[in-house]
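These notes are about the structure you will find just below.
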Amino acid sequence: MKTFAPKLSRRKFVLGSGALCGGGALYTFGLESSWLDVGRHEVQLGPERSAVPIKLLHLSDLHASEVVGLDYLRRAIETGVSLKPDVICLTGDFVTSHYGQFDRYAEILSALPKCAPTVASLGNHDGGAWAAWRHRGYADTTEVRALLQHSGIELLHNALHPITLKNRTVNLAGVGDLWAGEFRAAGVLPATAGASPTILLSHNPDTKDALRNFSWDLLLCGHTHGGQLRIPLVGTPFAPVRDKRFVRGLHRWEDRWLHITNGVGNLFGARFNCRPEISLLTLV
């Protein structure tokens, strides 16, 4: 007796395909983009492990905008604060373009320095020629600088700031954004290693090559959003970096550490196979 598979009518195919695409769009734009993750890594800064670990909270790419709301950013910051970090580092892109709720935004960000010493660097969306040209953003960084000041967050813009954490001296340093044309390392970072480790904030991980001849131990970056859309069998074709080896996560590079966080926010409200994250690094 012959058996026959039921025919798939064109109508059923179209309806099924539409449901699949609709479900995928709902997940990409409505679920994963706010499905916050906590990334955890351990980093040994010196030749020997320290008996007194330091907890560093790394946040990046908050991208406050029409598609990344302040209620969501408040939740992300509250989650970070709940981890009880010893120091907090933010690596840029606080906004996507022009923004109209800076007072409320500053109030939300102010929870960070109330928890622990907090420093920041700027990203390509935070102002400058690139931001004004590509994303109708600010022509300079005045607005975002004021946001950080009102939040109580120290901006490290081509600057170095030694700090004592749990009786350990650590150098915190930050450089300006590469795409904004404000990246400066000379005069900020030493050429040879000193007695204290240096943690460097730089929005774009491609700056690692320009930083090769300077002394630092851990480079903190954002910018890539982890690829934002990670396509199976393809990878991260939309990651805005030249070196696609370093799109997210913790990496060893030329006897130093490089950490790229997926970031908290996004562009266009979309994420796929790449959840937003806050990152907790335990420095030993």
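Bear in mind these aren't lab numbers, they're just calculated from the coordinates by the rules spelled out. Just so it is clear, the structure is predicted and the values come from calculations on it, not from any experiment. Here the Cβ is made from the backbone with ideal geometry for all residues, glycine too, and neighbour counts use every protein chain on show.
Using DSSP to call loops (not H, G, I, E or B), can you name the trypsin sites (Lys or Arg not before Pro) in segment 231-284 whose Cβ has at most 12 other Cβ atoms within 10 angstrom?
Within segment 231-284, the qualifying trypsin sites (Lys or Arg not before Pro) (loop, at most 12 other Cβ atoms within 10 Å) are 242, 244, 245.
Which order do peptides 120-132, 50-62 fall in by mean Cβ count within 10 Å, highest first?
Top of the packing list down: 120-132, 50-62.
Enter the Cα centre distance for the pair segment 110-181 and segment 240-266, rounded to the nearest angstrom.
Value for the Cα centre distance between the two parts: 19 Å.
For a footprinting-style exposure proxy, rank 142, 236 by other Cβ within 10 Å, fewest first. Don't skip to the end; give the middle numbers.
Working: 142 10, 236 20.
With the sparsest Cβ surroundings first, the list reads 142, 236.
Residue by residue through segment 163-174, what is 3J(HN,Hα) from phi via Karplus (6.51 cos²θ - 1.76 cosθ + 1.60, θ = phi - 60°)? Round to whole Hz and write x for glycine and proline.
9, 9, 10, 6, 6, 10, 8, 10, 8, 9, 9, x
Take every DSSP beta bridge whose two residues both sit in the chain, then give the antiparallel share in percent to the nearest 5.
40 percent
Under 20 Å from the 7 Å Cα→Cβ point of residue 51, by amide nitrogen: which residues of segment 151-179?
What the label zone holds, given the 20 Å backbone N cut-off, is 165-170.
Taking the Cα-to-Cβ direction at residue 161 and at residue 251 and moving 7 Å from each Cα, how far apart do the two end points lie in nm?
In this crude label model, residue 161 to residue 251 measures out at 2.8 nm.
Students often check this: by mean Cβ neighbours within 10 Å, which of 79-87, 65-73, 224-232 ranks highest, and how do the rest follow?
Averaged packing, sorted descending, gives the order 224-232, 79-87, 65-73.
I need the chymotrypsin sites (Phe, Trp or Tyr not before Pro) found in segment 178-284, filtered to DSSP loop residues with at most 16 other beta carbons within 10 Å of theirs.
238, 268
Net charge around residue 180, counting only other residues with Cβ within less than 12 Å of its Cβ (Lys, Arg = +1; Asp, Glu = -1)?
Details: positive: 134, 184; negative: 93, 126, 140, 177, 182.
Spelling it out: positives minus negatives among the neighbours equals -3.
Can you tell me how segment 101-200 classifies by the Cα gyration tensor, rounded, prolate or oblate, using a/c under 1.5 as the rounded cut?
Details: a/c = 3.64, a/b = 1.29, b/c = 2.82.
It comes out oblate by the Cα gyration axes.
How much net charge surrounds residue 68 when only other residues with a Cβ under 15 Å from its Cβ are counted (Lys, Arg +1; Asp, Glu -1)?
Every neighbour counted, the sum reads -2.
Give, rounded to the nearest 20 debye, the magnitude of the charge dipole that segment 33-173 has about its Cα centre when Lys and Arg contribute +1 at Cβ and Asp and Glu contribute -1 at Cβ.
Dipole size: approximately 360 debye.
What list do you get for 93, 217 if you sort them by fewest beta carbons within 10 Å?
217, 93
Against the longest alpha carbon principal axis of the chain, how many degrees, from 0 to 90 and to the nearest 10, is the axis of helix 70-82 turned?
Tilt of helix 70-82: around 60 degrees.
Once every DSSP H run of n ≥ 4 in the chain is given -39500 (n - 2.57) and the sum is divided by its residues, what mean residue ellipticity at 222 nm do you get, rounded to the nearest 500 deg cm²/dmol?
About -6000 deg cm²/dmol.
Note the full-extension length gain between residue 212 and residue 98 as 0.36 nm times their separation in residues minus their Cα-Cα distance, in nm to one decimal.
37.6 nm
Fewest first, what order do 282, 118 take by the number of other Cβ atoms within 10 Å?
Lowest count first: 282, 118.
Among DSSP beta bridges lying fully in segment 176-284, give the percent that are antiparallel, nearest 5. Please report the intermediate quantities before stating the final value.
Numbers: 6 of 14 bridges.
Percent antiparallel among DSSP bridges in segment 176-284 is about 45.
Using +1 on the beta carbon of Lys and Arg, -1 on that of Asp and Glu, and nothing else charged, what's the dipole of the chain about the Cα centre, debye to 20?
In total the dipole reaches around 1380 debye.
Do the alpha carbons of any pairs in 84/114; 55/114; 114/166; 84/166; 84/208 sit beyond 23 Å of each other, and which pairs?
Correct reply: 84/208.
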